[in-house]
Every structure is written in C-alpha cells, then in structure tokens.
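Student: I have a structure here, written as structure tokens, and I will follow up with some questions on it.
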Amino acid sequence: MKIFDSHAHYDDEAFDPDREALIGTLREKGVSEVLNVGASFEGSLRSIEFAQKYDFFYAAAGIHPEYAQDAEERYLPQLEALFERPKVLAVGEIGLDYHWAENPPRETQKRVFEKQIELAMKLGKPIIVHDRDAHADTLEILRKYHPEGVMHCFSGSVEMMREILSLGMYLSLGGAVTFKNAKKAKAVAAAVPADRLLLETDCPYMAPEPNRGKRCDSSMIRDTAAVIAELRGEPVDLLVARCRENTLKMLRL
Ligand code: NI
C-alpha cells in the first residue's frame with residue numbers, strides 16, 4: 001500500500017520530542033508521500049526545510065486565517081519568494097475560520113484569503129483551503145475565483161460538496177470521518193466521486209478512531225481509509241491508490 005498524506009503539520013511542537021525518529025518510520029508503514037502544510041509564515045519555512053531534508057516530503061506555504069491579522073504587512077509580501085524553492089507545490093493552508101471569537105476580523109480574513117488565491121493563480125499552484133464555520137463566505141470567494149485545489153478536512157454537506165465539485169476542486173477527508181457522530185462527513189465520503197477525493201491526517205490533530213484524542217501521525221491514515229472504504233463498499237487498497245493518484249495529479253507530481 002502506498003499512502004499519500006495530503007495534509008500534515010510535522011512542524012508542530014507536538015512532534016518535538018521524537019520528530020526525526022517518527023518520520024523515519026513512516027515509509028515502512030506504507031506512507032509514500034507527505035505534504036507538510038504551513039499555517040504560519042514560520043511553519044511554511046519549516047515545511048520547506050522538511051521537503052529539502054526528506055525526499056518523500058513536499059511543502060505547501062501559506063498563512064492560515066488565524067494568523068491573518070498582520071499578514072498583509074508582514075508576511076504576504078514575502079510569500080511569493082518561497083515558491084522559488086524546490087518542492088513547494090501548493091498555497092496553503094488558507095481560508096476562513098469563524099469558529100474562534102479571538103480570530104482576526106472576518107473582513108481581514110477574507111482579504112488575506114483572496115490575496116493568497118490571487119497569488120496561487122498567478123503561480124499556477126493549487127490551494128489548500130481551511131473552512132471552519134464559514135461555509136457561505138468560503139463558497140462565495142471560491143465561486144468568484146474558480147481556483148484549483150482542495151477543501152481540506154471537508155466539513156460541509158453533500159449539497160456543498162456538489163458545489164465544490166462543480167468548481168473543479170477536490171475534497172479531502174481526515175480522521176473526523178471515523179467519529180461516531182460524523183453523519184455529514186460519512187454521507188460525503190459515500191457520495192464523493194472517486195476521482196475527487198484525497199486522504200489526509202491533519203496530524204498531530206484529528207487522530208481517527210480508535211486513537212481519537214491521541215497524537216496523530218500519517219500512518220493512522222489507514223484507519224481513516226478503512227472507514228471510508230467501508231462506507232463506499234470498495235476495497236481499501238483501491239481507495240488509497242486512487243486518492244494517491246488524485247493527490248499526485250492535483251500537485252502535478
Ligand atoms: Ni491543517
């Protein structure tokens with residue numbers, strides 16, 4: 001089995017105690033590629049470092065909505081240059097997060113999201129979209145631009161899925177689909193066309209059952225894939241292989 005983890009954060013401090021050793025075990029557990037996704041500017045730089053250090057790692061660079069506050073002055077002007085480095089394949093993660101009251105104002109988040117979509121389109125790169133409790137505004141912006149890319153940890157309904165598909169984007173599902181109460185995600189997993197689905201962990205977060213609540217790593221993607229394959233009534237090997245092909249295609253590898 002060859003697994004492409006399309007969304008991981010190995011720069012997270014949760015991996016500080018044993019990062020090197022853990023990454024060293026991933027390949028023997030069937031993980032053939034990892035896209036390490038930057039959330040902050042520093043995280044983007046770390047992602048690029050990993051892509052240089054490990055031949056099976058690739059990087060995405062972008063500013064998460066949580067860090068949108070001073071992004072326009074401090075980070076966006078420096079972002080484009082990061083894409084001159086090798087193996088930086090996508091702009092992400094970017095988007096809108098209305099879940100936390102302390103997040104930057106919505107108008108700021110939207111501007112930073114739009115500017116990064118414009119950068120991605122200029123560079124011809126796909127985007128990795130974070131949408132938490134912001135479905136309507138996210139869709140409005142995506143409809144305006146028609147960018148290429150993926151809705152990461154997709155949490156919308158089957159109806160929203162159809163809108164995303166009609167824009168030509170991919171959907172990615174992670175550990176949350178294995179949770180008992182994840183009715184919407186399970187319905188999406190069953191309905192999404194095979195050529196539009198990616199697999200991800202979002203590690204260290206979102207460990208799938210039976211490890212819910214623990215630190216996640218890319219090898220746990222098997223548990224997520226097993227649940228999705230069962231919902232779709234297809235062999236898990238086939239699902240994992242197709243999702244990997246989709247990821248390779250989206251990232252133009
Ligand atoms: Ni993430």
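The values are calculated or read from the model by the stated rules, or taken from the named source; none is laboratory data. The structure presented is a predicted model; accordingly, all values stated were derived computationally and were not measured. So basically every Cβ, Gly included, is an ideal-geometry build from the backbone, and we count neighbours across all protein chains shown. Accessible surface areas use protein heavy atoms only, side chains included; no ligands, DNA or RNA. Shrake-Rupley method; radii C 1.70, N 1.55, O 1.52, S 1.80 Å.
Student: Restricting to segment 128-163, give me the number of residues that are within 13 Å of the ligand (Cβ to nearest atom) and within 23 Å of Leu251 (Cα to Cα). Can you show your working first?
Tutor: Narrowing segment 128-163 to residues within 13 Å of the ligand (Cβ to nearest atom): 128-132, 150-155.
Subsequent filtering for residues that are within 23 Å of Leu251 (Cα to Cα) retains 128-131, 150-155.
Residues that pass the stated criteria total 10.
Student: If you scan segment 16-62, which residues turn out to be in a helix (DSSP H, G or I), among the small types (Gly, Ala, Ser) and either out of contact with any helix residue (DSSP H, G or I) (no Cβ under 8 Å at 6 or more places or on another chain) or over 21 Å from Val129 (Cβ atoms) (or both)?
Tutor: As a first pass, look at segment 16-62 and keep what is in a helix (DSSP H, G or I): 19-29, 41-53.
Then drop every residue that is not among the small types (Gly, Ala, Ser), which leaves 21, 24, 43-44, 47, 51.
If the condition is that a residue be in a helix (DSSP H, G or I), among the small types (Gly, Ala, Ser) and either out of contact with any helix residue (DSSP H, G or I) (no Cβ under 8 Å at 6 or more places or on another chain) or over 21 Å from Val129 (Cβ atoms) (or both), then Ala21, Gly24, Gly43, Ser47, Ala51 are the ones that fit.
Student: Turning to a different aspect of this structure: For residues in segment 87-109 being in a loop (DSSP other than H, G, I, E, B) and within 16 Å of the ligand (Cβ to nearest atom), which is least open to solvent (accessible area, probe 1.4 Å)?
Tutor: Keep residues of segment 87-109 that are in a loop (DSSP other than H, G, I, E, B), which gives 87, 98-105.
Within this subset, residues satisfying the condition of being within 16 Å of the ligand (Cβ to nearest atom) are 99-100, 103.
On the way: His99: 75, Trp100: 120, Asn103: 21 Å².
Within segment 87-109, the match that is least open to solvent (accessible area, probe 1.4 Å) is Asn103.
Student: Output the number of residues of segment 171-184 satisfying the condition of being within 18 Å of Glu93 (Cβ to Cβ) and open to solvent by 20 Å² or more (accessible area, probe 1.4 Å).
Tutor: Result for segment 171-184: 1.
Student: With respect to the numbered conditions (1) more than 21 Å from Val37 (Cβ to Cβ); (2) open to solvent by 50 Å² or more (accessible area, probe 1.4 Å); (3) not in a helix (DSSP H, G or I), which one is the sole condition not fulfilled by Glu234?
Tutor: Evaluating Glu234 over (1) more than 21 Å from Val37 (Cβ to Cβ); (2) open to solvent by 50 Å² or more (accessible area, probe 1.4 Å); (3) not in a helix (DSSP H, G or I) leaves (2) as the failure.
Student: Oh, and also: Just for segment 153-170: of the residues that are touching a residue at least 12 places away in the same chain (Cβ under 8 Å) and hydroxyl-bearing (Ser, Thr, Tyr), which one is surrounded by the most Cβ atoms within 10 Å (Cβ to Cβ)?
Tutor: Our first condition is that a residue be touching a residue at least 12 places away in the same chain (Cβ under 8 Å); within segment 153-170, this holds for 153-158, 160-161, 163-165, 167-170.
If we keep only those that are hydroxyl-bearing (Ser, Thr, Tyr) too, we end up with 155, 157, 170.
Values: Ser155: 19, Ser157: 15, Tyr170: 26.
If we take residues in segment 153-170 being touching a residue at least 12 places away in the same chain (Cβ under 8 Å) and hydroxyl-bearing (Ser, Thr, Tyr), then Tyr170 is surrounded by the most Cβ atoms within 10 Å (Cβ to Cβ).
Student: Quick check on my filter: what residues within segment 194-223 are free of Cβ contacts under 8 Å to residues at least 60 places away in the same chain and within 24 Å of Gly168 (Cβ to Cβ)? Give the derivation first.
Tutor: Residues of segment 194-223 that are free of Cβ contacts under 8 Å to residues at least 60 places away in the same chain, as a first pass: 194-197, 206-214, 216, 220, 223.
Of everything in segment 194-223, those that are free of Cβ contacts under 8 Å to residues at least 60 places away in the same chain and within 24 Å of Gly168 (Cβ to Cβ) turn out to be Ala194, Asp195, Arg196, Leu197.
Student: Please go through segment 134-152 and pick out each residue that is open to solvent by 30 Å² or more (accessible area, probe 1.4 Å) and under 17 Å from the mean Cα position of the chain (by Cα). Even if it seems obvious, please write down each step before you answer.
Tutor: Restricting attention to segment 134-152, the residues satisfying the condition of being open to solvent by 30 Å² or more (accessible area, probe 1.4 Å) are 135-137, 140, 143-146, 148.
His135, Glu148, listed by residue number.
Student: Could you check segment 67-82 and list, in sequence order, the residues that are in contact (Cβ under 8 Å) with a residue 24 or more places away in the chain and either surrounded by 19 or more Cβ atoms within 10 Å (Cβ to Cβ) or assigned to a helix (DSSP H, G or I) (or both)?
Tutor: Tyr67, Ala68, Ala71, Glu72, Arg74, Tyr75, Leu76, Gln78, Leu79, Glu80, Leu82
Student: Also, quick follow-up: So which of Val129, Val91, Val37 is in contact with a strand residue (DSSP E or B) (Cβ under 7 Å, 6 or more places away or on another chain), hydrophobic (A, V, I, L, M, F, W, C) and within 23 Å of Glu13 (Cβ to Cβ)? Before you say what the answer is, go through the steps one by one.
Tutor: Working: Val129 fails: within 23 Å of Glu13 (Cβ to Cβ); Val91 fails: within 23 Å of Glu13 (Cβ to Cβ).
Just one listed residue meets the conditions, Val37.
Student: So Cys243 passes all but one of these: (1) surrounded by 24 or more Cβ atoms within 10 Å (Cβ to Cβ); (2) touching a His at 6+ places or on another chain (Cβ under 8 Å). Which condition number does it fail?
Tutor: (2)
Student: Something else: How many of the residues in segment 195-231 are among the polar types (S, T, N, Q) and surrounded by 22 or more Cβ atoms within 10 Å (Cβ to Cβ)? Break it down stepwise before answering.
Tutor: Within segment 195-231, the first condition is being among the polar types (S, T, N, Q), and the residues that meet it are 201, 211, 218-219, 224.
Right, trim to surrounded by 22 or more Cβ atoms within 10 Å (Cβ to Cβ) and you get 201, 218, 224.
Total satisfying the criteria: 3.
Student: Of the residues His64, His9, which is closer than 19 Å to Ser219 by Cβ, modelled with pLDDT of 95 or more, open to solvent by less than 30 Å² (accessible area, probe 1.4 Å) and not polar (S, T, N, Q)? Outline the logic, then answer.
Tutor: Values: His64 fails: closer than 19 Å to Ser219 by Cβ.
Among His64, His9, only His9 is closer than 19 Å to Ser219 by Cβ, modelled with pLDDT of 95 or more, open to solvent by less than 30 Å² (accessible area, probe 1.4 Å) and not polar (S, T, N, Q).
Student: Sticking with this one: Scan segment 21-42 residue by residue and report those that are touching a Phe, Trp or Tyr at 6+ places or on another chain (Cβ under 7 Å) and hydroxyl-bearing (Ser, Thr, Tyr).
Tutor: Hits for segment 21-42 are Ser32, Ser40.
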